[in-house]
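Report on the structure given below.
Readers should treat all values here as calculations from the given coordinates under stated rules, not as data from a laboratory. Note that this is a predicted model, so its numbers are computed, not measured. Here Cβ is always computed from backbone atoms with ideal geometry, including for glycine, and neighbour counts include all displayed protein chains.
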Amino acid sequence: MKIMHSTNKKSLLLLIISAFLMLVLVGCSGSKAQEEEPMNTGLDPNEWNNLAFKDKFPLHWESYMKNMENEKEVLPKNDPSIEPLLPIVWNGFGFAVEYNLTRGHTYAFEDQMNVRRITGNPNAVSACMSCKTTVFPAMIEEFGPERAYKLNYHDEALPWLEEFAGDDKGMMTDGKGNVAEWGHASVGCATCHDPVTMELRISLPQLTDALDRLGFDYENATQHDMRSLVCAQCHVEYYFDPLNDLQTTFPWGYGLTFEDQWEYSEYQASREGGFKGEYVSTISNTPILKAQHPEYELWSYGPHQTVSCADCHMPYQRVDGKKKISSHRWGSPLVTIEESCRTCHGDKSATYLETRVEDIQDRHKVQLLRAQDIGATAHYYVNRMITRGVDEEKIKEAQSLVREGQWFWDMPAAENSYGFHNPDGAMASFARSIDKSQEAILVATRALMAIGEDIEELERQIEITKQNVINETVSHEKHKQAINDWFPNVRDN
Ligand code: HEC
Ligand code: HEC
Ligand code: HEC
Ligand code: HEC
């Protein structure tokens with residue numbers, strides 16, 4: 001016993017000594033790392049104004065200001081050359097009226113304030129701002145999470161914002177015009193960086209909440225994880241949860257794949273007072289889940305999941321002759337193929353890589369348009385079931401298939417890489433969409449034939465209606481062409 005005891009004592013001593021040595025070693029390397037980056041900008045820890053960072057980081061500012069130059073023409077997305085049938089599949093929702101291609105982060109807030117979906121909607125809520133402005137965390141601070149997301153956009157949020165951040169606090173040197181209108185408060189430095197240490201951070205609670213639900217330990221996220229997580233604050237699917245004060249919520253309870261998000265959304269819809277969808281279709285009277293830019297999720301199960309968003313979209317670039325910084329111009333990595341892609345794919349030429357991306361995107365577009373077309377047809381078949389008064393159960397069955405078909409089309413369609421981030425994931429989604437919409441058409445066809453409906457005539461009317469939508473030249477008038485005497489508005493409310 002005694003011997004045992006002393007041995008224990010000895011090993012305990014050894015343990016203490018080695019633990020002490022470890023501490024010294026860790027401590028040393030720790031302070032060495034600290035020596036390299038004792039960043040203290042001297043800025044307010046709550047700084048939100050992009051202009052406050054301008055003089056401290058002139059090279060980053062210069063790069064950031066490149067977001068003011070559009071890479072592509074900002075066309076309405078329902079242009080016949082892009083997605084011609086959006087005004088049908090989204091009929092009854094603001095997106096059917098105006099929805100444009102993206103442009104730079106500096107414009108995000110201004111573009112939102114001016115889009116018809118906001119200007120034409122007196123009931124818009126402040127949750128819409130939650131991925132557009134560096135000021136949103138301050139709004140949560142001011143109103144608390146219970147109120148911050150459900151303020152009236154026009155009557156409550158804008159007046160407060162005007163007062164809090166309306167002018168640039170005298171920081172603009174050349175009057176208006178050096179950043180976009182509201183560019184000083186648009187997606188910016190404080191969204192992704194701690195203003196004092198400049199370490200990457202998550203500033204929007206909708207992401208930390210979602211990661212909590214997944215059990216992801218973001219407090220200990222690696223730098224590599226952070227280079228994608230900062231983007232996941234916004235480049236994701238979300239909804240405003242009626243069971244939680246309309247807070248911006250990501251449907252990630254079961255995982256990130258489109259299939260997982262569908263299951264989770266259906267679970268939410270089944271709850272009393274739970275979220276059923278963004279709108280009810282005027283054509284098929286179906287509650288619809290409107291997908292929003294799920295870049296992070298599609299990427300997360302694709303071939304480049306080990307490559308961070310910043311690796312491709314914010315490559316190191318030599319500026320100012322010799323210094324290397326992370327590019328802060330967020331756009332197409334094809335513009336920076338050398339720095340974005342050939343760092344890993346050095347054995348492939350830039351042309352080869354570009355062609356591979358185009359191949360993927362071309363295949364994607366074919367299936368996207370096919371799924372959209374069949375989905376639009378399915379809405380009209382359900383419309384006919386309703387106006388002909390077929391069996392209620394059959395209508396419900398077809399509506400639920402339309403809802404599923406639309407989700408699995410909309411997720412990869414709303415994703416902005418045209419499938420590059422995950423070609424297989426996107427294809428699987430379109431395949432399921434086409435299946436479900438076709439099933440809806442089949443259910444409808446059977447029910448309609450049983451009461452003697454002329455299916456060929458129905459098909460003809462659908463084709464003419466689609467053409468009318470395509471031929472209408474005024475983008476925000478197109479949705480009106482989707483409803484006519486053949487296919488009236490059948491929405492309940
Ligand atoms: C606070 C929200 C937010 C964060 C964080 C964010 N984005 Fe964005 N991003 C947007 C919005 C909103 C737009 C569309 C702006 C518009 O069209 O006015 C956008 C547009 C883009 C575009 C298209 C730009 C163009 O010229 O068409 C790219 C690329 C992009 N973001 C990449 C990223 C990457 C990569 C990250 C992370 C490093 C990131 N974003 C972080 C909100 C965000
Ligand atoms: C959408 C997110 C995002 C926004 C907005 C953003 N940054 Fe960054 N920034 C990053 C990422 C990601 C890195 C790379 C960090 C790393 O891996 O160490 C970075 C790196 C930096 C660095 C470190 C040096 C370097 O180049 O890697 C500085 C300094 C910096 N950013 C300044 C700014 C300033 C100033 C603004 C506003 C004008 C800004 N950033 C806006 C995401 C962002
Ligand atoms: C392996 C490189 C790579 C990675 C990693 C990557 N992307 Fe992309 N991304 C691309 C390419 C290539 C495109 C297509 C560009 C084009 O069509 O010109 C693209 C397109 C986009 C677009 C649309 C740009 C536009 O002009 O409208 C957005 C937004 C975007 N990515 C965000 C992200 C986010 C967020 C992440 C991380 C979750 C991410 N990307 C990860 C390569 C990458
Ligand atoms: C950090 C390294 C890295 C970077 C940066 C990177 N890739 Fe890749 N890429 C990979 C790896 C690793 C794979 C293989 C993945 C696998 O086998 O599943 C891959 C696969 C691919 C593939 C085949 C994917 C498929 O669908 O099967 C293409 C095409 C590709 N990369 C293009 C690009 C382009 C274009 C860029 C720049 C926009 C880029 N990569 C940037 C590492 C990278």
Open item on the list: Check which residues have an amide H placed less than 5 Å from HIS193's amide H, if you skip close sequence neighbours.
Closed with: ARG201
Task: At R0 = 25 Å, FRET efficiency that the Cβ-Cβ distance of ASP260 and LEU101 yields, to 0.05 - done: 0.35
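Order of 288-294, 130-136 by packing, highest average Cβ count within 10 Å first?
For the peptides 288-294, 130-136, the packing ranking is 130-136, 288-294.
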Task: Ratio Rg/Rh, restricted to the range 438-483 and using Cα atoms, in which Rh is the Kirkwood radius - done: 1.13
Open item on the list: In the chain, if the dipole is taken from +1 on Lys/Arg beta carbons and -1 on Asp/Glu beta carbons about the Cα centre, which of TYR238, SER81, ASN121 is farthest to the positive end?
Closed with: TYR238
TODO: Evaluate the distance, in nm, between pseudo-label points positioned 7 Å from the Cα of ASN70 and of ARG388 along their respective Cα→Cβ axes.
DONE: 4.5 nm
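How big is the Rg/Rh ratio for the range 202-279, C-alpha atoms only, Rh by Kirkwood, two decimals?
Rg/Rh: 0.98.
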Open item on the list: Could you derive backbone 3J(HN,Hα) for the range 362-376 from the dihedral phi with the Karplus parameters 6.51, -1.76 and 1.60 (θ = phi - 60°), listing whole Hz in sequence and x where the residue is Gly or Pro?
Closed with: 5, 4, 4, 4, 4, 6, 4, 5, 5, 5, 5, 5, 5, x, 4
Task: Two-decimal log10 I(q)/I(0) for the range 51-92, as the Debye equation yields it once each C-alpha is a single scatterer, q = 0.34 Å⁻¹ - done: -1.06
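Provide the gained length on full extension for the span ASP320 to VAL474, in nm with one decimal, where the gain is 0.36 nm per separating residue minus the Cα-Cα distance.
Details: separation 154, 0.36 × 154 = 55.44 nm, distance 4.56 nm.
So the extension gain works out to 50.9 nm.
Once every DSSP H run of n ≥ 4 in the chain is given -39500 (n - 2.57) and the sum is divided by its residues, what mean residue ellipticity at 222 nm do you get, rounded to the nearest 500 deg cm²/dmol?
Working: 19 runs with 241 residues, N = 493.
So the helix-based figure for the chain works out to -15500 deg cm²/dmol.
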Task: Protection proxy ranking of 454-467, 54-67, 243-256 - average other beta-carbon atoms within 10 Å, highest first - done: 243-256, 54-67, 454-467
- [ ] Can you tell me the FRET efficiency between ASN121 and MET449 if r is taken as the Cβ-Cβ distance and R0 is 41 Å, rounded to the nearest 0.05?
- [x] 0.50
- [ ] Would you be so kind as to identify which of HIS328, SER300, ALA310 lies farthest towards the positive end of the dipole of the range 290-343, taking Lys and Arg as +1 and Asp and Glu as -1 on Cβ and the Cα centre as origin?
- [x] HIS328
TODO: Calculate the dipole size of the chain relative to its Cα centre from +1 charges on Lys and Arg beta carbons and -1 charges on Asp and Glu beta carbons; express the result in debye to the nearest 20.
DONE: 1120 debye
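Given LYS132/LYS324; LYS72/LYS150; LYS72/LYS480; LYS394/LYS480; LYS56/LYS324; LYS276/LYS394, which pairs have Cα atoms separated by over 26 Å? Working shown, then result.
On the way: LYS132/LYS324 28 Å; LYS72/LYS150 34 Å; LYS72/LYS480 28 Å; LYS394/LYS480 28 Å; LYS56/LYS324 16 Å; LYS276/LYS394 20 Å.
Flagged as over cut-off: LYS132/LYS324; LYS72/LYS150; LYS72/LYS480; LYS394/LYS480.
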TODO: Using per-residue counts of other Cβ atoms within 10 Å, averaged over each peptide, order 332-342, 202-212 from highest down.
DONE: 202-212, 332-342
Task: Amide proton proximity set for ASN100, modelled H, under 5 Å, gap of 5+ - done: LYS77
- [ ] Compute the acute angle (0 to 90°) between the alpha-carbon long axis of helix 205-214 and the principal axis of greatest extent of the alpha-carbon atoms of the chain; round to the nearest 10°.
- [x] 90 degrees
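Could you please tell me the mean projected area of the C-alpha convex hull for the chain, averaged over all directions and given in square nanometres to one decimal? Present the calculation step by step, with values, prior to reporting the outcome.
Values: hull surface 127.8 nm².
For the Cα atoms of the chain, the hull's average projected area reads 31.9 nm².
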Open item on the list: At R0 = 45 Å, how high is the FRET efficiency between ARG491 and SER332 if r is their beta carbon distance? Nearest 0.05 is fine.
Closed with: 0.70
- [ ] Write down the Kirkwood hydrodynamic radius of the range 352-481, to one decimal in angstroms, obtained as one divided by the mean of 1/r over all alpha carbon pairs.
- [x] 15.9 Å
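Going from the alpha-carbon gyration tensor of the range 70-204, what semi-axes, largest first and in whole Å, does one get by taking the root of 5 times each eigenvalue? Please report the intermediate quantities before stating the final value.
Working: eigenvalues 151, 76, 43 Å².
They are 28, 19, 15 Å, listed largest first.
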Task: Cubic angstrom per residue, convex hull over Cα atoms of the range 247-389 - done: 161 Å³
- [ ] Quote to one decimal, in nm, the extra length available between ASP79 and LYS348 on full extension: 0.36 nm per residue of separation minus the C-alpha distance between them.
- [x] 93.4 nm
